[in-house]
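Colleague: This structure is in C-alpha cells; I'll ask about it shortly.
The values are calculated or read from the model by the stated rules, or taken from the named source; none is laboratory data. The structure presented is a predicted model; accordingly, all values stated were derived computationally and were not measured. Neighbour counts run over all protein chains shown; Cβ positions are idealised from the backbone, glycine included. SASA here: full protein model, heavy atoms, side chains in, ligands and nucleic acids out. Shrake-Rupley method; radii C 1.70, N 1.55, O 1.52, S 1.80 Å.
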Amino acid sequence: TAPPGLNSRHMDTEPALSGDGRWLAFVSDRPGGAGARDIWLYDLQEQQLVELPGLNSVGQEQSPALTADGRFLAFVSERLDGAGERDIYLYDRVRQSLVPTPELNSPEDEYDPVLLVIEDQ
C-alpha cells in the first residue's frame with residue numbers, strides 16, 4: 001500500500017524519486033496548490049508531504065527531477081513571467097527559493113529537465 005497522505009482522489013502524475021530513495025516529487029491538481037497543476041514533494045522516511053514555499057505558481061508546473069539527495073528540484077513551468085510558454089526552473093529545497101538561472105530559457109518551449117550530480121571519487 002501507498003504511504004499515508006501520498007495519493008489523492010485527484011490527478012497525481014509524473015513521479016520522480018531522489019537517488020537516495022527518500023524524496024518523491026510529483027505533479028498533482030489536488031486542492032491546496034497554487035495553480036492548476038503543482039509540484040508536490042513527499043518525504044518517504046517521515047511519510048508526509050513537505051512544504052515548497054516559492055516553488056509553485058498560478059501557471060501549470062510539470063516534469064519534476066530531483067538531485068540524488070533531494071536538495072534541488074528542476075521542473076517545467078508555464079508561469080506568466082517566463083521567457084517562453086514553458087521554461088525550466090531550479091528550486092533549492094534548503095533555501096526554499098528558486099535558484100537564478102540566467103540565460104537558461106528562451107522564447108521557445110523548454111521541456112523535461114534532468115539533474116545529474118557528479119561527485120569526485
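Colleague: Based on this model, can you work out whether Gln45 counts as loosely packed, with under 14 Cβ neighbours inside 10 Å, of a type outside the set (Ser, Thr, Tyr), in contact (Cβ under 8 Å) with a residue 12 or more places away in the chain and under 18 Å from Pro15 (Cα atoms)?
Modeller: yes
Colleague: For Asp38, state whether it is without any contact (Cβ under 8 Å) to a residue 24 or more places away in the chain, within 19 Å of Ser18 (Cα to Cα) and crowded, with 17+ Cβ neighbours inside 10 Å.
Modeller: Taking the combined requirement at face value, the residue satisfies it.
Colleague: Are any residues in the range 53-77 under 16 Å from Ala36 (Cβ atoms), open to solvent by less than 20 Å² (accessible area, probe 1.4 Å) and under 11 Å from the mean Cα position of the chain (by Cα), and if so, which ones?
Modeller: Within the range 53-77, Leu55, Glu61, Ser63, Pro64, Phe75, Val76, Ser77 qualify.
Colleague: Oh, and also: Can you name every residue in the range 18-48 that is at pLDDT below 95 and among the aliphatic types (A, V, I, L, M)?
Modeller: Passing the criteria: Ala34, Ala36.
Colleague: Can you work out which of the residues in the range 1-35 that are among the hydrophobic types (A, V, I, L, M, F, W, C) and open to solvent by 70 Å² or more (accessible area, probe 1.4 Å) is farthest from the chain's Cα centre (by Cα)?
Modeller: If we take residues in the range 1-35 being among the hydrophobic types (A, V, I, L, M, F, W, C) and open to solvent by 70 Å² or more (accessible area, probe 1.4 Å), then Met11 is farthest from the chain's Cα centre (by Cα).
Colleague: For the range 78-92, indicate whether the set of residues that are at pLDDT 95 or above, surrounded by fewer than 17 Cβ atoms within 10 Å (Cβ to Cβ) and farther than 13 Å from Phe26 by Cα is non-empty.
Modeller: yes
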